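The values are calculated or read from the model by the stated rules, or taken from the named source; none is laboratory data. For clarity, every value in this text was computed on a predicted model and none was experimentally measured. Glycine also receives a Cβ, built like all others from the backbone with ideal geometry; neighbour counts cover every protein chain displayed.
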Amino acid sequence: MASQRKLPFWADAILLPGLNLLAAFLVSGLVIWGLGEDPFEALSLMIDGAFGFEEGVGYSLYYATNFVFTGLAVSVAYHAGLFNIGGEGQAMLGGLGLTLAVFLIGDASPVFAVLLAIVGAATFGAAWAFVPAYLQAKRGSHVVITTIMFNFIASALLAYLLVGPLQRPGGQMPESADFPDGASLMHLQDLFEVIGFSYESGPLNLSALIALLCAFAVWFMLWRSRFGYELRVVGQNHDAARFAGISVTRMTVIAMMISGALAGMMGLNELLGEQHRLLGNFTLGYGFVGIAVAFMGRNHPVGIVLAAMLFGALYQGGAELAFEMPNIQRDYIVLIQGLVILFAGAMEHLFRDPVEALFRRVGQRRAA
Amino acid sequence: MKKLFGRFGAIVGLAFAGFAAVGAADFKPVLLYDIGGKFDKSFNEAAYVGAHRFEEETGNGFKDFEPNSETQYEQALKRFARRKADLIVAVGVGYSVAVRNVAADFPNVKFTVIDAIIDLPNVQSITFKENEGSFLVGMIAAMKTESRTIGFLGGMDIPLIRRFERGYRQGAEYVRGDLTFIENYVGTTPSAWNDPIKAAEMARSQYARGADIIFSAAGPSGLGSIQAAKDTGNLAIGVDSNQNHVAPGVVLTSMLKRVDLAVYKAMKAAQDGHWSAGHNVMGLAEGGVDFALDEHNAALITAEMKAKLDDARAKIVAGEIVVGDVEGSNVGH
């Protein structure tokens with residue numbers, strides 16, 4: 001924490017992520033150049049694919065919505081001093097809760113089913129996070145280990161249900177039957193049409209707004225409520241928290257459950273917004289990328305929304321690239337995204353230390 | 001670690017096309033592969049070979065895309081349909097629901113789907129009688145085995161793959177009645193197609209239990225089974241594409257499923273204007289399935305075996321031998 005003080009806010013929030021991104025693109029550029037393609041053309045294809053046309057923007061924001069949910073999930077736990085790597089599993093269970101809610105009352109009342117689905121997604125996600133949280137708080141089993149193992153359990157559970165009781169009748173793939181008509185979140189282009197202007201159809205749906213609401217709620221909770229203050233105290237120092245009369249056990253469990261609920265709501269975007277059925281591995285690693293999003297966004301909701309948009313654009317632009325340049329196969333796109341995550345997350349100190357030294361020197365010179 | 005990384009980038013790479021105006025001169029079909037990926041030396045590669053042949057013969061290029069997960073099926077189909085692709089060919093049973101959803105939304109776009117049956121006026125469904133081809137390779141296995149134990153290794157445990165097993169077993173039993181069968185399936189989710197490590201483990205265990213020939217109907221996972229055969233000095237039977245060249249002398253034969261032919265024909269027909277929706281079945285009689293015989297396995301298949309196979313083939317085509325099927329292999333949606 002103290003090391004962050006050495007840098008002015010703008011350098012920490014903008015300069016460093018910018019440098020990390022630049023380094024990642026530089027290395028990716030070298031890879032693309034090595035493959036015999038023009039790196040600048042590739043970059044322009046990516047940017048154009050992500051922002052160049054209405055549909056592309058829609059897809060970028062659609063992916064970004066997933067990252068906002070999982071990024072917020074990681075950051076809430078992080079502020080309580082917990083590293084929740086279980087976003088993936090919590091999102092799967094959230095999707096399951098959502099699906100059960102929709103099938104339970106979807107035929108009777110689609111609107112009510114959507115509301116119950118939102119509650120179901122959050123509840124199942126929270127419940128899946130509760131077990132590791134409880135084990136951490138009461139038994140000292142490290143939450144990193146338990147949450148990552150819970151991802152595998154969730155994945156196996158979902159696969160079992162989707163080739164068993166929940167499988168689409170007559171189907172061969174691990175997927176559920178279609179949600180009943182009307183039990184879905186409105187697409188934003190339909191909403192735009194209601195208020196009078198047209199937008200190319202795409203997957204972007206109401207859950208993008210729900211994600212923004214969640215971001216605001218997380219900000220309010222963490223920095224404007226007594227509860228959030230307590231949560232952050234627990235994250236900074238257990239002893240101080242205990243001394244101040246805060247129950248570390250209770251805060252650990254609650255923080256993890258909020259985290260799980262946020263991750264669980266990712267299904268709103270993927271399932272209720274777009275797919276309209278439960279798929280075996282709809283989470284696609286969003287839970288893991290949420291970690292990188294949270295760190296790149298400096299664990300602040302505004303930063304997370306921005307970082308999520310960056311990753312959303314990267315996914316969408318990468319997709320465009322995979323298509324337009326046949327030499328660049330899907331695995332290289334994974335490589336480029338991996339490099340961004342590597343530089344933004346794991347190798348953050350590569351630039352932090354030199355930049356800090358630079359600022360110190362400049363500061364000293366100015367003082368002298 | 002591999003799993004984590006796979007998930008990490010799973011969404012990556014949805015495909016989009018910037019299609020220009022459509023004209024007969026620049027007919028541009030789209031080919032969407034299944035999870036295994038383009039160069040899997042099996043099912044998807046067969047599709048690529050077909051499209052490639054179309055490109056070479058007509059000079060018209062094609063666009064293709066490899067999804068990383070089943071969530072991408074629908075997204076990819078929609079992207080291409082929105083951009084008015086001339087023909088979208090989707091290979092793999094996984095595409096069934098996705099093609100149904102997207103084709104209903106885009107009635108003016110033509111879709112060809114392989115291994116699934118979609119009853120819509122703009123969808124052409126092509127399925128194969130895999131059991132007939134499997135019957136022939138089952139005969140080869142039965143004639144070749146010395147341990148009187150033969151194995152079957154399926155990819156994803158679904159009725160479609162059970163159909164391979166059914167034909168294989170029936171073909172083997174047609175030759176001799178004293179055989180022991182061992183069968184395994186790599187998994188129950190689409191990732192089972194792409195897990196050669198696990199497939200190799202299972203194949204090794206089958207060889208250890210006495211099998212000397214294993215037929216794997218597992219897409220790219222089957223390469224693990226061929227590797228295991230090579231390592232243990234046994235024989236393997238490839239699937240979909242001609243895999244004899246993967247390990248000459250080790251691959252006894254391959255059960256050909258002519259996805260290449262289906263893809264080529266669909267593209268060619270669409271270009272020439274006589275593409276039609278509906279359901280086509282490709283069996284032995286239509287040249288849709290067969291066993292592979294080339295310079296890599298010529299030494300393994302004797303003239304006597306060949307004669308018996310030709311005889312059985314004629315009987316199947318004539319309807320004298322009816323190869324059993326598995327219910328639900330190609331379900332309509």
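Would you confirm, using the coordinates I've provided, whether A:Gly228 is more than 22 Å from the chain's Cα centre (by Cα) and surrounded by fewer than 21 Cβ atoms within 10 Å (Cβ to Cβ)?
When the stated conditions are applied, A:Gly228 does not pass them.
Can you name every residue in segment B:59-82 that is closer than 24 Å to A:Leu271 by Cα and assigned to a loop (DSSP other than H, G, I, E, B)?
Those that are closer than 24 Å to A:Leu271 by Cα and assigned to a loop (DSSP other than H, G, I, E, B): B:Glu66, B:Pro67, B:Asn68, B:Ser69, B:Glu70.
Give me the pairs: first residue in segment A:309-326 and farther than 11 Å from A:Leu61 by Cβ, second residue in a helix (DSSP H, G or I) and of a type in the set (Lys, Arg), beta-carbon distance under 8 Å, and six or more apart or on different chains, which are they?
That search, which allows pairs on different chains as well, returns A:Ala322/A:Arg330.
What about A:Pro132, is it at pLDDT 90 or above, outside any helix (DSSP H, G or I) and not hydroxyl-bearing (Ser, Thr, Tyr)?
No.
Take B:Ala298 and tell me if it is of a type in the set (A, V, I, L, M, F, W, C), closer than 21 Å to B:Glu130 by Cα and free of Cβ contacts under 8 Å to residues at least 24 places away in the same chain. Break it down into steps so the answer makes sense when it comes.
Details: of a type in the set (A, V, I, L, M, F, W, C): yes; closer than 21 Å to B:Glu130 by Cα: no; free of Cβ contacts under 8 Å to residues at least 24 places away in the same chain: yes.
It is false that B:Ala298 is of a type in the set (A, V, I, L, M, F, W, C), closer than 21 Å to B:Glu130 by Cα and free of Cβ contacts under 8 Å to residues at least 24 places away in the same chain.
Has segment A:152-161 got any residue that is at pLDDT below 95, touching a helix residue (DSSP H, G or I) at 6+ places or on another chain (Cβ under 8 Å) and in a loop (DSSP other than H, G, I, E, B)?
no
Within segment A:285-319, how many residues turn out to be facing chain B (nearest Cβ under 8 Å) and modelled with pLDDT of 85 or more? Full working, then the answer.
Filtering segment A:285-319 for residues facing chain B (nearest Cβ under 8 Å) gives A:285-286, A:288-289, A:315-316, A:318-319.
Cutting the leftovers down to modelled with pLDDT of 85 or more gives us A:285-286, A:288-289, A:315-316.
The qualifying residues number 6.
Restricting attention to segment B:315-333, which residues are more than 14 Å from chain A (Cβ to nearest Cβ) and under 23 Å from the mean Cα position of the chain (by Cα)?
B:Ile316, B:Val317, B:Val322, B:Val323, B:Gly324, B:Asp325
Suppose we keep only residues that are within 11 Å of another protein chain (Cβ to nearest Cβ) and closer than 15 Å to A:Leu188 by Cα within segment A:62-73. Which one would you say is nearest to the chain's Cα centre (by Cα)?
A:Tyr63
Conditions: (1) among the aliphatic types (A, V, I, L, M); (2) surrounded by 24 or more Cβ atoms within 10 Å (Cβ to Cβ); (3) within 14 Å of another protein chain (Cβ to nearest Cβ). B:Ala46 meets all but one. Number of the miss?
The single condition B:Ala46 does not satisfy is (3).
Any idea which of A:Leu185, A:Leu231 is away from chain B (no Cβ under 14 Å) and either in a helix (DSSP H, G or I) or touching a Lys or Arg at 6+ places or on another chain (Cβ under 9 Å) (or both)? Spell out the reasoning first.
Details: A:Leu185 fails: either in a helix (DSSP H, G or I) or touching a Lys or Arg at 6+ places or on another chain (Cβ under 9 Å) (or both).
The conditions single out A:Leu231.
So how many residues does segment A:272-284 have that are of a type in the set (A, V, I, L, M, F, W, C), within 10 Å of chain B (Cβ to nearest Cβ) and touching a residue at least 40 places away in the same chain (Cβ under 8 Å)?
Residues meeting the conditions: 2.
Inside segment B:92-113, can you point out the residues that are within 14 Å of chain A (Cβ to nearest Cβ) and either under 28 Å from B:Phe215 (Cβ atoms) or of a type in the set (Phe, Trp, Tyr) (or both)?
Scanning segment B:92-113 gives B:Gly92, B:Val93, B:Gly94, B:Tyr95, B:Ser96, B:Phe106, B:Val113.
Yes or no: segment A:86-93 includes at least one residue that is modelled with pLDDT of 95 or more and farther than 16 Å from A:Ile291 by Cβ.
Among the residues of segment A:86-93, at least one is modelled with pLDDT of 95 or more and farther than 16 Å from A:Ile291 by Cβ, which makes the answer yes.
Just to be sure I understand, how many residues within segment B:297-333 are buried (at least 18 other Cβ atoms within 10 Å of the Cβ), among the small types (Gly, Ala, Ser) and closer than 18 Å to B:Met282 by Cβ?
Within segment B:297-333, residues that are buried (at least 18 other Cβ atoms within 10 Å of the Cβ), among the small types (Gly, Ala, Ser) and closer than 18 Å to B:Met282 by Cβ number 1.
Which one of these is of a type in the set (A, V, I, L, M), more than 23 Å from B:Phe43 (Cα to Cα) and part of a helix (DSSP H, G or I): B:Val97, B:Val102? Reasoning before the result, please.
Details: B:Val97 fails: more than 23 Å from B:Phe43 (Cα to Cα).
Result of the check over B:Val97, B:Val102: B:Val102.
Go through the residues of segment A:49-61 one by one and say whether even a single one is within 23 Å of A:Leu212 (Cα to Cα) and away from chain B (no Cβ under 14 Å).
There is at least one residue in segment A:49-61 that is within 23 Å of A:Leu212 (Cα to Cα) and away from chain B (no Cβ under 14 Å).
Go through segment A:188-215 residue by residue and tally those that are more than 14 Å from chain B (Cβ to nearest Cβ), modelled with pLDDT of 90 or more and in contact with a Ser or Thr (Cβ under 8 Å, 6 or more places away or on another chain).
3
Taking the condition of being surrounded by 23 or more Cβ atoms within 10 Å (Cβ to Cβ) and facing chain B (nearest Cβ under 7 Å), how many residues in segment A:331-343 meet it?
Total satisfying the criteria: 2.
Please give the strands (runs of 3 or more DSSP E) falling wholly within segment B:134-242 in which 3 or more residues are acidic (Asp, Glu).
Filter on segment B:134-242 gives an empty set.
Among the residues of segment B:180-225, which ones are touching a residue at least 60 places away in the same chain (Cβ under 8 Å) and more than 15 Å from the chain's Cα centre (by Cα)?
B:Ser191, B:Arg209, B:Gly210, B:Ala211, B:Asp212, B:Ile213, B:Ile214, B:Ser225
In this structure, does A:Ser44 turn out to be modelled with pLDDT of 85 or more and over 24 Å from A:Leu212 (Cβ atoms)?
yes
So B:Ala85 passes all but one of these: (1) assigned to a loop (DSSP other than H, G, I, E, B); (2) small (Gly, Ala, Ser); (3) at pLDDT below 85. Which condition number does it fail?
Going through the list (1) assigned to a loop (DSSP other than H, G, I, E, B); (2) small (Gly, Ala, Ser); (3) at pLDDT below 85, B:Ala85 breaks only (3).
So, in segment B:137-171, how many residues would count as being within 13 Å of B:Gly324 (Cβ to Cβ) and away from every other protein chain (no Cβ under 14 Å)?
Residues meeting the conditions: 8.
Give segment A:194-215 a look and list any residue that's in a helix (DSSP H, G or I) and over 22 Å from B:Gln75 (Cβ atoms), or say none.
A:Val194, A:Leu212, A:Leu213, A:Cys214, A:Ala215
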